[in-house]
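Beneath this line is the structure, given in structure tokens, with notes to follow.
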Amino acid sequence: MGAPPVAPSLLLLLAGAAGLCRAFFSLPLRVSQPAAPRGSPPAPVPLRPGSGGGRQRDAPAEPGGLALASEPGGSINFLAMVDNLQGDSGRGYYLEMLLGTPPQALNILVDTGSSNFAVAGVPDPDVTSYFNTELSSTYKSQGIDVTVKYSQGSWTGVLGTDVITIPKGIDGSYTINIATIFESENFFLPGVQWHGILGLAYGTLAKPSSSVETFFDSLVRQAKIPNIFSLQMCGAGLPVSGSGTNGGSLVLGGIEPSLYRGDIWYTPIKEEWYYQVEILKLEVGGQNLELDCREYNADKAIVDSGTTLLRLPQKVFSAVVQAIARKSLVQEFSSGFWTGTQLACWDKTERPWSLFPKLSIYMRDENSSRSFRISILPQLYIQPILGIGENLQCYRFGISSSANALVIGATVMEGFYVIFDRAQRRVGFAVSPCAEVDGSPVSEIEGPFTTEDVASNCVSVISFHEPVLWIASYALMSLCGIILLALIILLLIPPRCQHRYTDNDVVNDESSLVRHRWK
């Protein structure tokens, strides 16, 4: 349980009526009830609804930061897209866009875990701006209602099309499918600085069907850019405040060399719906959790910029918490800290990160016999959130449990430059230069490692994607409808035409309720 106690007079301050309890730590520690800007609780809540050797160094940029596209379509100035994001890990990172004619400026949340492009279409108490379609001469309504549900929150809107431009993005204007949100629940959060969501996942997840061309597919087709984008989010060690003061970069069409250091390591995309990858194992403080690798991928493992935390399946989460507790220098800790209902507070002069171990995630390399690992230091998962008075700084646990996925969210992504190479069906990771605290890197990538100690496939062969579930649901409901219609006809047939059942005749009518579980 770590180092022996050195300060017997230090206290653990528990929330509510728990009162004061005696505890021993190597640094003064208190646990406080959460508090957040505008009174909203800061409990960890996601914003939603997921070849050759592994190393690759991309070609250097041309003079002036002009990186050549790998497909016909000319050249793209990726440097113009550097620092085009604002936000933080607690409320998401967003991009400024201009919608309609004349243009209306809105901030749009960048979300690699969904596929619809949607903006507030009516006034909302939690957003400062909305897209007024009546003021745009180029807006065309498709008259199709669409509803999207996330891990937290949902919205309903109407599909339409309009032109968009991105001030710090690809040059030109493009016609895009846009859902204008007229009703939402727990989607726009108090204090958020964004007014809509940019779903960058595959069309398979688009609502109401995959026939709705996604934003990025439209951009690739119309601008003739390569089918690849990359993302850097710079919030390592910075307070989760919702102020939108942190920076980042969304590079559309390629990779900007100034946004990463060292090599890019690629892992295959297992399924093209979410950016689903394969996790082989986890280590805490260099110690393997020794779980079956299928536990890490139950029922999927995805890279999702719209989720604030690193989310782990319950069994994995429990193992990680136990391992961190064993490896940390904190002798005792309130369970509320691990579950996200309490904050840990230290004196502002102290840095508690030295008390906690490094966390490593192993992914399968493009060469399936090899793997690589991405590691985050405690500066990324022990996250400053607010201060109490003049002397205390409070932190939250940047990892939470999940019912149906391992989600590599902002907690991890803030350590890396992440490349979504859709053309070659792979996700790349490289160390981000902005992932530093007090001048020291807080993320690492190492490899290659052998995969002899793990199964050849850690992902379930049977994948129940949402469209497949919908098809199965419709088929079963249709069958039930046919059976019900037949029963109604039989009931309406005159008695003389009905078969008179004997005691030996048995009629079984088993009906099943088809339920769709939103991911």
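Leaving out ligands, DNA and RNA, what percent of the accessible area of segment 196-345 is carbon and sulfur, probe 1.4 Å? Each step should come with its number before you reach the end.
On the way: 2070 of 4370 Å².
Looking at segment 196-345 in its full context, I get 47 percent from C and S.
Calculated accessible area for segment 72-183 comes out at 39 Å² per residue, all protein chains present (probe 1.4 Å; ligands, DNA, RNA ignored). The peptide list 220-226, 376-382, 233-239, put in order of mean Cβ contacts within 10 Å with the highest first, becomes 376-382, 233-239, 220-226. Overall, segment 260-319 carries a charge dipole of about 140 debye about its Cα centre when +1 sits on the Cβ of Lys and Arg and -1 on the Cβ of Asp and Glu, all other atoms neutral. Ignoring solvent entirely, what values of log10 I(q)/I(0) come out of the Debye formula for segment 272-358 at 0.12, 0.16, 0.21 Å⁻¹ when each Cα is a single scatterer? For the requested q values the scattering log ratios are -0.46, -0.77, -1.15. In this model, which of Lys149/Lys300; Lys270/Lys358; Lys168/Lys270; Lys281/Lys315; Lys207/Lys315; Lys207/Lys300 are farther than 22 Å apart at the alpha-carbon? Cα-Cα > 22 Å for Lys270/Lys358; Lys168/Lys270; Lys207/Lys315; rest within. Here the peptides 119-126, 262-269 are ranked by packing, the mean other Cβ count within 10 Å, and the order with the highest first is 262-269, 119-126. Highest mean first, the peptides 311-320, 137-146, 297-306, 282-291 sorted by other C-beta atoms within 10 Å per residue fall in the order 297-306, 311-320, 282-291, 137-146.
Is the C-alpha gyration tensor of segment 239-390 telling us rounded, prolate or oblate? Criteria: a/c under 1.5 is rounded; beyond that, a/b larger than b/c is prolate, otherwise oblate. The shape class here is oblate.
Taking only the alpha-carbon positions of segment 306-351 and ignoring solvent, what does the Debye formula give for the base-10 log of I(q)/I(0) at q = 0.17, 0.31 Å⁻¹? Results for segment 306-351 at q = 0.17, 0.31 Å⁻¹ read -0.63, -1.23. Average the reciprocal distances over every distinct pair of alpha-carbons in segment 260-488, invert the result, and give the Kirkwood radius in Å. For segment 260-488, the Kirkwood estimate is 19.2 Å.
The values are calculated or read from the model by the stated rules, or taken from the named source; none is laboratory data. No experiment lies behind these values; they were computed from the predicted model shown. Cβ sites come from the backbone with ideal geometry, for glycine too, and all protein chains shown count toward neighbours. Just the protein is used for accessible areas: all its heavy atoms, side chains included, with ligands, DNA and RNA removed. Shrake-Rupley method; radii C 1.70, N 1.55, O 1.52, S 1.80 Å.
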